[in-house]
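Since every read-out is calculated from the coordinates, none of them should be taken as a lab result. Treat the numbers as computed from the prediction; the structure is a model and nothing was measured. Here Cβ is always computed from backbone atoms with ideal geometry, including for glycine, and neighbour counts include all displayed protein chains.
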């Protein structure tokens, strides 16, 4: 049966709030593009990488960003008594009100988007450069694609915008989080929800009374969640070794062929 939402009926958005929200979304996208593309270009200028590393990095970046979205949303935005959760409470409490567009943007400002990119990129570089993985530039572009897409989806979900066919279920999926905010922390791609929280969220009984916002099931990372983050880099290392091994075999094969031709 479809979810029965206990959120307020949507009101006509305030024109000024709508204009501010659209402008913030636009500048957040600019900040994300610059914060991801510029470091990627700088890295690849000094350490050129093959095309397959771009693709591996881009896919790893999408998965990383999905995991960061889940952890950030669950453990910071829903952690009581911190400045991030207070801002997120405004988002939950404004749903269905004329001021909702003021609180839909995922980044409170372009500067905060830059800060989030710097934190994630610094962690990636700390692993990528010493291990010579060569996936950091692609991952940074994956961060950009995910950030811009997820904020656009979030905006359209809340303000009744057009959603692509096959992804219209994301509106119901995300608004269920506003009905019961202790699950469904991914907005439109519930990868980490499925791994860590979604099955339990389905099994727990629905509450009788409505609550605006609640913390996640805990403020500490579980062993499974820590393992998943380590697994992302393990996957990148394995892909790097596999790619290097394939290139080495190709080089040996060419050398053998050249030797035979010379004989």
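Output the peptides 39-45, 69-75 sorted from most to least packed, where packing is the average of other Cβ atoms within 10 Å over each peptide's residues.
69-75, 39-45
Put a dot 7 Å past each Cα toward the Cβ at residue 114 and residue 191; how far apart are the dots in nm?
Result for the modelled spin labels: 2.8 nm.
Once you sort the root eigenvalues of the Cα gyration tensor of the stretch 29-187 as a ≥ b ≥ c, which label holds: rounded (a/c under 1.5), prolate (a/b larger than b/c) or oblate (the other case)? All intermediate terms of the calculation are to be shown ahead of the outcome.
Details: a/c = 2.22, a/b = 1.84, b/c = 1.21.
Prolate is the answer for the stretch 29-187, as a/c is 1.5 or above and a/b outweighs b/c.
I'd like the distance separating the alpha-carbon centroids of the stretch 12-88 and the stretch 92-162, in whole Å.
Measuring centre to centre over Cα atoms gives 2 Å.
If packing is taken as the average number of other Cβ atoms within 10 Å across a peptide's residues, how do 113-121, 182-190 rank, most packed first? The partial results should precede the final answer.
On the way: 113-121: 17.4, 182-190: 21.1.
Order by mean packing, descending: 182-190, 113-121.
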